[in-house]
1. Go through (1) touching a residue at least 60 places away in the same chain (Cβ under 8 Å); (2) closer than 30 Å to residue 145 by Cα; (3) not in a helix (DSSP H, G or I) for residue 82 and report which single condition fails.
2. Anything in the stretch 140-172 that is at pLDDT 90 or above, assigned to a helix (DSSP H, G or I) and either among the basic types (Lys, Arg) or more than 21 Å from residue 73 (Cα to Cα) (or both)? List them, or say none.
3. Out of curiosity, is residue 22 of a type in the set (D, E, K, R), in contact (Cβ under 8 Å) with a residue 60 or more places away in the chain, on the phi < 0 side of the Ramachandran plot and surrounded by 13 or more Cβ atoms within 10 Å (Cβ to Cβ)?
4. Within the stretch 45-52, does at least one residue satisfy the condition of being under 26 Å from the mean Cα position of the chain (by Cα), part of a loop (DSSP other than H, G, I, E, B) and surrounded by 11 or more Cβ atoms within 10 Å (Cβ to Cβ)?
5. Return the residue satisfying two criteria in turn: it lies in the stretch 173-209 and is part of a loop (DSSP other than H, G, I, E, B) and at pLDDT 80 or above, and of such residues it is farthest from residue 147 (Cα to Cα).
6. Exactly one of these conditions fails for residue 80: (1) closer than 30 Å to residue 34 by Cα; (2) at pLDDT 95 or above. Give me its number.
Amino acid sequence: MAPSRDQLFQLKRTALLREAAKAFSARGFHDTSLDEVARTLGVTKPALYYYVKNKQEILFECHMLAQDLGEVALAYALEHGKTGRERIVHVCRRYIELITGELGSFAVLSEYSALEPANRETIGKRRDHFQREFSQLVAQGKADGSIRSVDPRMTVFFFMGAINWMTQWFRPDGSLSGDEIAHHFADLLDHALMQQQPVLPSAPPGSPA
C-alpha cells in the first residue's frame with residue numbers, strides 16, 4: 001500500500017528536520033540561519049518554509065523527536081526486560097541506538113535554553129515524565145533485588161548526565177558507531193547497578209584447600 005499524501009509529508013519533514021539538526025549541531029543554533037539550512041539541504045528557502053515556520057520550530061521538533069525516542073526505549077524495555085535491572089539496561093542501550101541513528105549528530109539537543117518559554121515548558125514536562133519512569137525502574141530493581149541500594153534520583157541524573165554530555169562529543173563518523181557506544185554505556189551502567197558479590201577472605205597459608 002502506497003503511503004498517503006500526509007504520510008509522505010511527514011516522512012519528508014522528518015528527513016528535513018534530521019538534516020537541519022546536523023546543520024545546527026555543526027555551527028550552533030544561533031549562528032545558523034534558515035538560509036544556511038536551506039543551502040545545506042539543497043532546497044530553496046520557500047521550499048523549506050513549506051515544512052517548517054522558523055528555526056524555533058526546527059529546534060522544538062528535534063527535542064520532541066528525542067523525547068519520542070525515549071518513550072520508544074521505555075516501551076521496549078518494559079516488553080523485553082523482566083527485572084528492574086534488565087529494563088534499565090534495555091532503556092540505556094535502546095535509547096542511545098535510536099538517538100544516534102535517528103538524529104545522527106544531535107548536539108542540537110544541548111540548545112535547550114534556546115527554546116522559547118512555552119516550548120521549553122513542554123519539553124521540560126516530557127523530560128520529567130521520562131525521569132519518573134526511569135526512577136520507577138530503579139525502584140523496581142531495588143525491590144526485586146536485581147540492583148544494589150542506590151538513590152533513584154541520583155541514578156537518573158547519572159544516566160541523563162552521560163547522555164547530555166554525548167551531545168558534546170558524539171560524531172556519526174567517529175571511531176565508534178552509535179550501536180557500539182550504546183553497548184559500552186549499557187555495560188557500564190549495568191555494572192554500576194549490579195549487586196556487589198561478597199569477597200571471600202583468602203585462606204591463610206598452610207590451610208587445607
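The values are calculated or read from the model by the stated rules, or taken from the named source; none is laboratory data. From a predicted model like this one, the values you see are computed outputs, not experimental measurements. Cβ: placed from backbone, ideal geometry, glycine included. Neighbour counts: every protein chain shown.
1. So the condition that residue 82 fails would be (1).
2. Listed by number, the residues that qualify are 142, 143, 144, 153.
3. yes
4. Checked against the condition, which is being under 26 Å from the mean Cα position of the chain (by Cα), part of a loop (DSSP other than H, G, I, E, B) and surrounded by 11 or more Cβ atoms within 10 Å (Cβ to Cβ), the stretch 45-52 yields at least one hit.
5. Filtering the stretch 173-209 for residues that are part of a loop (DSSP other than H, G, I, E, B) and at pLDDT 80 or above, the one farthest from residue 147 (Cα to Cα) comes out as 173.
6. Result: residue 80 passes all but (1).
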